[in-house]
1. When the residues of segment B:139-152 are narrowed to those that are under 17 Å from the mean Cα position of the chain (by Cα) and open to solvent by less than 20 Å² (accessible area, probe 1.4 Å), which ends up farthest from A:L80 (Cα to Cα)?
2. For the condition open to solvent by 20 Å² or more (accessible area, probe 1.4 Å), in contact (Cβ under 8 Å) with a residue 12 or more places away in the chain and more than 10 Å from chain A (Cβ to nearest Cβ), what is the one hit in B:F99, B:F106?
3. Confirm whether A:V116 is facing another protein chain (nearest Cβ under 10 Å) and open to solvent by less than 60 Å² (accessible area, probe 1.4 Å).
4. Among A:G146, A:G123, A:G74, A:G114, which is the only one that is small (G, A, S), without any contact (Cβ under 8 Å) to a residue 24 or more places away in the chain and under 18 Å from B:I116 (Cα atoms)?
5. Show me the helices (runs of 4 or more DSSP H) found entirely inside segment B:52-157 where at least 3 residues are in contact with a helix residue (DSSP H, G or I) (Cβ under 9 Å, 6 or more places away or on another chain) and more than 30 Å from A:F110 (Cα to Cα).
6. Look through B:R121, B:R75, B:R127 and report the one residue that is open to solvent by 80 Å² or more (accessible area, probe 1.4 Å), farther than 22 Å from A:L155 by Cα, without any contact (Cβ under 8 Å) to a residue 60 or more places away in the chain and away from chain A (no Cβ under 13 Å).
7. Counting just the residues of segment A:61-79 that are closer than 16 Å to A:P137 by Cβ and open to solvent by 30 Å² or more (accessible area, probe 1.4 Å), which one comes out farthest from the other protein chains (Cβ to nearest Cβ)?
8. In segment A:85-106, which residues are part of a loop (DSSP other than H, G, I, E, B) and out of contact with any helix residue (DSSP H, G or I) (no Cβ under 9 Å at 6 or more places or on another chain)?
Amino acid sequence: VIFLTVGSALPFDRLVQMVDGVLPSLQLQEPVFAQIGRGRYKPKHFEYIDFLPKTEFDKAFDEASLVISHAGIGTIGIALRTGKPILVMPRQEAFGELVDDHQMLTANKFEALGHVLAFSTPGEFTAKMSMVREFSPKARHANVEGISSAVEDFLARV
Amino acid sequence: MSRTEKTLCVGASSGGHMSELEALLAYQSKWSLRPSVFVATLGISTKALPPDARHYLIGECDRNHLWQAVRTLVRSCKVVWRERPDVVLTTGSMPLALFCLMAKLFGARIVWIDSISQIDRISMSGRLVRPFADLFLVQWPELERRYPGVRYAGELV
């Protein structure tokens with residue numbers, strides 16, 4: 001199963017509609033299942049649900065061969081921790097999807113580091129879908145302990 | 001409640017900010033002060049804190065919604081008045097920046113960790129907090145070089 005998610009907070013109709021529009025031409029061997037939030041666009045070519053409880057979300061994520069998502073750092077973080085291949089599409093300020101374009105920079109940066117594949121147009125989505133079977137996401141080694149140590153240094157002096 | 005124990009308040013907006021905070025809270029056993037107050041924006045709780053931690057919601061807001069910001073400020077003020085945190089530790093975003101502002105007015109010390117999704121500059125909420133933050137961390141080394149007084153110590157994602 002390919003799991004499509006728009007994240008926990010905001011709808012992302014442009015992503016759902018783009019995947020729905022391109023999907024028939026891809027002739028995939030496996031189905032898509034989507035979590036579309038409060039989106040108004042209802043996909044015609046795959047099953048969907050508005051929201052999934054956390055445990056079911058994790059299960060859908062875990063069972064997916066591939067995740068397609070908005071370029072939110074929460075979802076990207078789960079993909080990196082679980083080693084799941086992920087295609088991300090940034091929300092854009094120009095479409096009223098966010099208050100700024102930080103997701104564009106996030107998508108570009110994490111793609112440049114080899115962690116994700118990114119797309120913004122139907123053409124790019126088709127191209128990245130043909131690349132994804134050969135794509136193995138580069139492992140990320142986040143230094144959480146470094147931040148924890150800096151926090152503890154501070155707390156010890158309070 | 002005894003005032004001898006310092007109060008550490010942790011908080012984040014829902015979504016990626018909360019994921020980043022939870023990643024950090026996995027290390028809380030190594031800290032000399034444990035979080036006892038938790039601030040979220042929407043009806044989202046966390047399993048990352050001890051069950052006796054007190055939870056509060058201050059609502060979502062962003063730069064384009066002034067009325068929501070006022071509501072968040074009022075709610076923040078109530079929480080700060082009641083809990084009098086000694087330290088506020090947050091991964092953002094705007095609602096937590098407003099909370100930090102209130103907490104600072106009541107004497108709290110502020111630890112702000114700007115999101116890893118801020119690649120080429122500090123977030124707008126981070127820029128609001130930076131002048132009065134006591135520890136300001138970024139998650140890209142390039143940003144540490146660009147902003148004086150800002151530290152890079154690792155990353156949460």
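The values are calculated or read from the model by the stated rules, or taken from the named source; none is laboratory data. Since we're looking at a predicted model, the values are computed, not measured. Because the Cβ atoms are built from the backbone with ideal geometry, glycine has one as well, and the counts that use them run over all protein chains shown. The area values use the complete protein model at the heavy-atom level, side chains included, leaving out ligands, DNA and RNA. Shrake-Rupley method; radii C 1.70, N 1.55, O 1.52, S 1.80 Å.
1. Applying the filter and picking the extreme gives B:V150.
2. Only one candidate passes the filter, namely B:F106.
3. In short, no.
4. A:G146
5. Working: elements: B:66-83, B:94-105, B:124-129, B:141-146.
Qualifying helices (runs of 4 or more DSSP H): B:66-83, B:94-105.
6. None of the other options fit; the residue is B:R75.
7. From segment A:61-79, those closer than 16 Å to A:P137 by Cβ are A:61-62, A:64-69, A:71, A:73, A:75-79; that's our starting set.
When the remaining residues are screened for being open to solvent by 30 Å² or more (accessible area, probe 1.4 Å), the result is A:62, A:65, A:78.
Values: A:D62: 16, A:S65: 23, A:I78: 8 Å.
Across segment A:61-79, the extreme among qualifying residues is A:S65.
8. First, the residues of segment A:85-106 that are part of a loop (DSSP other than H, G, I, E, B): A:85, A:90-92, A:96-101.
Scanning segment A:85-106 gives A:G96, A:L98.
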